[in-house]
Structures are given as C-alpha cells and as structure tokens.
Amino acid sequence: MDKKYGIQIIGTGAYLPEKIVTNADLEKIVDTTDEWITQRTGIRERRIVEKGTAASDLAEKAARKAIEDANADPQEIDLIIIATSTPDMFFPSTACVLQRKLGIKNNSVCFDIFAACSGFLYALGIAKNMMESGQYRSCLIVGAEALSYVTNWKDRGTCVLFGDGAGAMLIKRVEGETNVLSVLLGANGAHTGILEIPAGGSRYPTTHETLDQGLNCIRMDGKEVFKHAVITMLKAAKKALELSNKKLEDLALLIPHQANMRIIEAMGERLNLPKEKIFVNLHKYGNISAATTIVALDEARKQGIVKTGDYVELVAFGAGLTWGAAVIRL
Ligand code: UT7
C-alpha cells in the first residue's frame, strides 16, 4: 500500500540586523516626516544591514536558530529553498551558498525562488508538494532580504517602506496527517510594471545610465499596489481557509504581509476579525518582503502568542503581482 506523507513544522528562527533606522533618521535624508510615515504606513523603524552583509549571511543566522529550535541535525536536511529578491548573486543560488555555510554535505537539493513578497509562501507550497510526494524528508525554507541595497534612498515614496531581515522554518516529513493544511498561490502578470526593479537583469543590463536613473532600485506605484493588495489578500485568505476545511473562528492568529498598517486594518475589518487575532510587527521592521511572514510567525511563537496545536494563517502579496496564503497547524 502507498504511504501517505504529511509535513510538520519542527522549528522556526529569525534574524534582524542590529542597525535600526528610525523615521527621524529618514527625515535627514529625504523630504519626509515621522508623522507622515507613521500615519500613512504604521512603520516607525526598520533594520538595515551593515555594508558587506549579504542575504546568505542573514539566512544563515535565521536558519541556525530554526535548526536549534528544532534540535535537529543539519546533515538530515535534504532540501533547501530560499525565497529572496536580493540574492547574493545571480548564480549560484543563495541556497547553495547557505548549504556550504551550514556545512551540509549530503548533496541536498538547493534552489532560490523569486516571488517577491509572496516568496516564502511560494517556497512553502513547493516544499509541501516535494515532501508529501515522499521524496524528501527534511526541508529548510528561508525568506531572506537585504532590500537596503536595492532601495532608492532619494525616493521618499519607497525608501521609508522597506527593511532587511530573514526568517527560517524547518519542516520534516511524517507518515500520516499534514500540518500544512493548505497553500494557495497565484499571480497576475498583467501588472508587472507597478512594482519592479527594472534594471540589472537582461531587459536593462546595468549601465551608468540605469544607475544614474535609479533603475536598479525598487520602483512602485504605491496607490495601485495598495488597491490590489487588499482585494487580493482577502480573496487568497478566504480561499486557503476553504481549502483547509477550517473556519476563520478556528484560527488562533492571522499573519498578514506587513507592508502597510492601513492594508492590514482594511483586511481585519472586512474579515471581521478582532485586532488581537491579527499579528503586526511592521512598526519595528517595515516591509521585509519574502522574510515578512516567517519573521512574524517566529515572533508570534517565541512571544507565546501561538502555541503547539494552534491553527495559523499566513497571507502575502507582492510584485508580479503574486500572492499566497497558507493555513498551518503548529
Ligand atoms: O510589498 C508589496 C506590497 N506593497 C504595498 O502593499 C505598498 C502599498 N502602497 C502603500 O502602502 C501606499 O500607497 C504608500 C505608503 C506607498 C503611499 O501612501 P499613499 O497614501 O498611497 O500616498 P501617495 O503615494 O498617494 O502620496 C500622497 C502624497 C503625495 O504628495 P502630493 O502629490 O499629494 O503632494 C506624495 O508625494 O504623499 C507624498 N509622499 C510623501 N510625503 C512625505 C509620498 N511619500 C512620502 C513620504 N513623506 N515618505
């Protein structure tokens, strides 16, 4: 008889760089105010890497914490997936770099995925399928971002929004039921232009001109993205719940992507979910793209807001446009 495999989340970890950049610090470099940033976004400060620190450095620190949390042997990890928009380099993958840094010598499968802010949930969906097929038994999934390198520090419309950091999750294959109940993913390429880093790839290779014009940095039509974010995350959250056969009332916590407090509040209102059931940490870190939901989940676990057996839903949205939602049992 064929075995039925599921997966269990056995550890999480996060790492945020020590350097804090407050709204007041940003007032000194662009025409902005703490009041504007706080009222329009909810962000008060963000963490920024020191020069020389790359995504894999952040990923390593978060991954070590997740491995320690799980009390696991890194040599058993046979699948490493990193979601990032700021890889160390185009190739080799940041996941290969992480494998080396962790001293894993078992030829584990390693790759990066690009799905912007939805990246961690894309990675979780891929891991779920690869592991439940029975082929892999231990997977490390990381969301790691060093966005400060692709931030245009002259553009007040974007530089106040983003931060650096990493989060990691260790999952193991089990026989029987799965604790990742549903992962719903989607994308709509019709809106690629409203949130992008236009240059540095093969469309606009890096030149003096692309650098001078800030095209190697994040560009966003914030209002457009905002509109799509609320509607799309709501739909994704509802659909993933439906696929998991759970109800909103079953959730101990909803972890939405941390891009803007007004987006989070609009979601909460439309879902009619009490504030205590919606996790928020964007005041401390801003938007850390692919690292956002896993950093938040790790904080919620470590702060005792959620515990083993609780149902939690993660939902994210980002460039692509991409989106993802997952219902998990801790
Ligand atoms: O991670 C992917 C998902 N990303 C998102 O979900 C982001 C979604 N978008 C947003 O969060 C919001 O659209 C922003 C926070 C980016 C912008 O807020 P907004 O309320 O949509 O402002 P706006 O872009 O319409 O700008 C309003 C005004 C403009 O001035 P005028 O034209 O009215 O004179 C901007 O130039 O605010 C100005 N402005 C600023 N003023 C002070 C824009 N950025 C700033 C700033 N400080 N940092």
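Quick notes on this structure:
- Any hit, segment 311-327, residues being surrounded by 22 or more Cβ atoms within 10 Å (Cβ to Cβ), of a type in the set (Phe, Trp, Tyr), within 16 Å of the ligand (Cβ to nearest atom) and part of a strand (DSSP E or B): yes
- Checking each residue in segment 231-246 for being within 16 Å of the ligand (Cβ to nearest atom) and open to solvent by less than 30 Å² (accessible area, probe 1.4 Å) picks out 232, 233, 234, 236, 237.
- Of the criteria (1) surrounded by fewer than 20 Cβ atoms within 10 Å (Cβ to Cβ); (2) modelled with pLDDT of 95 or more; (3) hydrophobic (A, V, I, L, M, F, W, C), which one residue 1 fails: (2)
Residue-by-condition table, conditions (1) more than 19 Å from the chain's Cα centre (by Cα); (2) assigned to a strand (DSSP E or B); (3) closer than 17 Å to residue 314 by Cβ:
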site	(1), (2), (3)
136	yes, no, no
142	no, yes, yes
148	no, no, no
170	no, yes, yes
174	yes, yes, no
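- Matching residues, segment 283-320, being under 22 Å from residue 48 (Cβ atoms) and in contact with a Cys (Cβ under 8 Å, 6 or more places away or on another chain): 287, 289, 290, 292, 316, 318, 319
- Members of segment 1-36 that are within 16 Å of the ligand (Cβ to nearest atom) and of a type in the set (A, V, I, L, M, F, W, C): 21, 24, 26, 29, 30, 36
- Any hit, segment 113-127, residues being under 24 Å from residue 50 (Cα atoms), touching a Pro at 6+ places or on another chain (Cβ under 7 Å) and either open to solvent by 10 Å² or more (accessible area, probe 1.4 Å) or more than 16 Å from the ligand (Cβ to nearest atom) (or both): no
- Evaluated against (1) more than 14 Å from the ligand (Cβ to nearest atom); (2) surrounded by 24 or more Cβ atoms within 10 Å (Cβ to Cβ), residue 274 falls short on exactly one condition, (2).
- Scanning segment 195-204 for any residue that is in a strand (DSSP E or B), open to solvent by 30 Å² or more (accessible area, probe 1.4 Å) and either touching a residue at least 60 places away in the same chain (Cβ under 8 Å) or more than 16 Å from the ligand (Cβ to nearest atom) (or both) turns up at least one such residue.
- Among the residues making up segment 37-64, those that are within 14 Å of the ligand (Cβ to nearest atom), over 15 Å from residue 25 (Cα atoms) and surrounded by fewer than 19 Cβ atoms within 10 Å (Cβ to Cβ) are 39, 40.
- When we screen 210, 206, 232 for residues that are within 21 Å of residue 40 (Cβ to Cβ), modelled with pLDDT of 95 or more and hydroxyl-bearing (Ser, Thr, Tyr), the only hit is 232.
- Test set (1) in contact (Cβ under 8 Å) with a residue 40 or more places away in the chain; (2) open to solvent by 20 Å² or more (accessible area, probe 1.4 Å); (3) farther than 22 Å from residue 284 by Cβ - residue 79 fails condition number: (2)
- Within segment 35-62, the only residue that satisfies the criterion of being under 21 Å from residue 169 (Cβ atoms) and hydroxyl-bearing (Ser, Thr, Tyr) is 56.
- Hey, residue 191 surrounded by fewer than 19 Cβ atoms within 10 Å (Cβ to Cβ) and touching a residue at least 60 places away in the same chain (Cβ under 8 Å) or not: yes
- Residues located in segment 215-230, provided they are buried (at least 17 other Cβ atoms within 10 Å of the Cβ), part of a loop (DSSP other than H, G, I, E, B) and within 16 Å of the ligand (Cβ to nearest atom): 217, 218
- Verdict on residue 249 being open to solvent by 30 Å² or more (accessible area, probe 1.4 Å) and within 22 Å of the chain's Cα centre (by Cα): no
- Any hit, segment 219-229, residues being closer than 30 Å to residue 160 by Cα, aromatic (Phe, Trp, Tyr) and within 19 Å of the chain's Cα centre (by Cα): yes
The values are calculated or read from the model by the stated rules, or taken from the named source; none is laboratory data. Quick caveat: nothing in here was measured; it's all calculated off a predicted structure. Cβ coordinates were reconstructed from backbone atoms using ideal geometry, including for glycine residues, and neighbour counts include every protein chain displayed. Only protein heavy atoms, including side chains, enter the accessible area calculation; ligands, DNA and RNA are left aside. Shrake-Rupley method; radii C 1.70, N 1.55, O 1.52, S 1.80 Å.
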